[in-house]
Amino acid sequence: VGTTALTNVDLHDLARAARCYGVEQVFIVTPIEVQRGMVDEVVDHWVQGEGSRRHPRRAEAMRLVTPAVSLAEVCERVAALSSAAPLVAVTSAAMSGRITGYGELRQRMRCEPGSLVLVFGTGWGLAPEVIEAADLRLPALTRDPGYAGHGSPYNHLSVRAAAAIVLDRLLGERG
Ligand code: SAM
């Protein structure tokens, strides 16, 4: 199990998707202190620094972003905000085991109180133990099998594209 380096464009695109769909916080999880410092620097530039004067709407999104050491820390911080442990749902381009559909989770989010932590990976994806420990596994996003489309099947999305699609499935307007 390894960790990946921070990608600036991921911070921006995850923040903007989160802001569009009403997500409360975007945690960038890395055990590497220097990388967490970089998250703070980038966020600071857009929320308080030069970036905020030139693009105030970007600040609205970037202020949702915060670094964290581990998923356990994320869950503790979310629990502290909502006074109950959150449900944790994981994503992968190749999910297996007991899977909860997007429609079912969308319904639960509307009927049940509490917070949801959606977990996305980078690099080779989430570590197996993170997937094992999660409360829910979401289906891999794929092209409709009824639509031939172009080229052989391929579903390896960037984390920011996957996150935007998942947020739209769970929180987007239908129709
Ligand atoms: N092979 C890795 C995997 O299967 O998760 C690819 C990692 S991908 C670069 C970055 C992240 O985006 C994944 O960890 C997952 O969270 C999400 N992701 C990418 N493609 C996806 C798909 N087709 N369905 C669901 N999530 C996807």
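Scanning the range 56-71 for residues that are aliphatic (A, V, I, L, M) and in a loop (DSSP other than H, G, I, E, B) returns L64, V69.
Considering (1) surrounded by 11 or more Cβ atoms within 10 Å (Cβ to Cβ); (2) at pLDDT below 95, the lone condition that S83 does not fulfil carries the number (1).
If we keep just the residues of the range 117-126 that are surrounded by 15 or more Cβ atoms within 10 Å (Cβ to Cβ) and either over 14 Å from the mean Cα position of the chain (by Cα) or within 13 Å of L71 (Cα to Cα) (or both), which is farthest from the ligand (Cβ to nearest atom)? My answer is V117.
Please work out if R53 is away from the ligand (no atom under 16 Å from the Cβ) and assigned to a helix (DSSP H, G or I). So R53 passes the test. The sole residue among R108, R169 that is within 16 Å of the ligand (Cβ to nearest atom), at pLDDT 95 or above and of a type in the set (K, R) is R169.
Give the residue that is nearest to the ligand (Cβ to nearest atom), with candidates limited to residues of the range 127-157 that are in contact with a strand residue (DSSP E or B) (Cβ under 6 Å, 6 or more places away or on another chain) and among the aliphatic types (A, V, I, L, M). Ranking the qualifying residues of the range 127-157, first place goes to L138.
All of A93, A164 fail the test of being within 25 Å of P31 (Cα to Cα), touching a His at 6+ places or on another chain (Cβ under 9 Å), surrounded by 11 or more Cβ atoms within 10 Å (Cβ to Cβ) and not polar (S, T, N, Q), apart from A93.
Of the residues V34, V74, the single one that is assigned to a helix (DSSP H, G or I) and within 18 Å of the chain's Cα centre (by Cα) is V74.
Looking only at the range 83-99, residues that are assigned to a loop (DSSP other than H, G, I, E, B) and under 17 Å from the mean Cα position of the chain (by Cα) come to 6 in all.
Among the residues in the range 1-23, are any within 15 Å of S158 (Cα to Cα), modelled with pLDDT under 95, out of contact with any Gly (no Cβ under 7 Å at 6 or more places or on another chain) and buried (at least 16 other Cβ atoms within 10 Å of the Cβ)? Yes, some residue in the range 1-23 is within 15 Å of S158 (Cα to Cα), modelled with pLDDT under 95, out of contact with any Gly (no Cβ under 7 Å at 6 or more places or on another chain) and buried (at least 16 other Cβ atoms within 10 Å of the Cβ). Would you confirm, using the coordinates I've provided, whether R160 is within 15 Å of the ligand (Cβ to nearest atom) and touching a residue at least 60 places away in the same chain (Cβ under 8 Å)? Spelling it out, R160 is indeed within 15 Å of the ligand (Cβ to nearest atom) and touching a residue at least 60 places away in the same chain (Cβ under 8 Å).
For the subset of the range 100-116 comprising residues that are charged (D, E, K, R) and over 17 Å from the mean Cα position of the chain (by Cα), which member is farthest from V78 (Cα to Cα)? Result: E104.
For T100, the requirement of being touching a residue at least 24 places away in the same chain (Cβ under 8 Å), over 19 Å from T30 (Cα atoms) and surrounded by 14 or more Cβ atoms within 10 Å (Cβ to Cβ) is met.
Mind telling me which of the residues Y147, Y154 ends up being among the aromatic types (F, W, Y), part of a loop (DSSP other than H, G, I, E, B) and either surrounded by fewer than 10 Cβ atoms within 10 Å (Cβ to Cβ) or within 14 Å of the chain's Cα centre (by Cα) (or both)? Selected residue: Y147, the only one of Y147, Y154 that is among the aromatic types (F, W, Y), part of a loop (DSSP other than H, G, I, E, B) and either surrounded by fewer than 10 Cβ atoms within 10 Å (Cβ to Cβ) or within 14 Å of the chain's Cα centre (by Cα) (or both).
The values are calculated or read from the model by the stated rules, or taken from the named source; none is laboratory data. Everything numeric here is computed off the predicted structure, so don't read it as measured data. Counting neighbours? That spans all protein chains shown, and the Cβs are built from the backbone with ideal geometry, glycine included.
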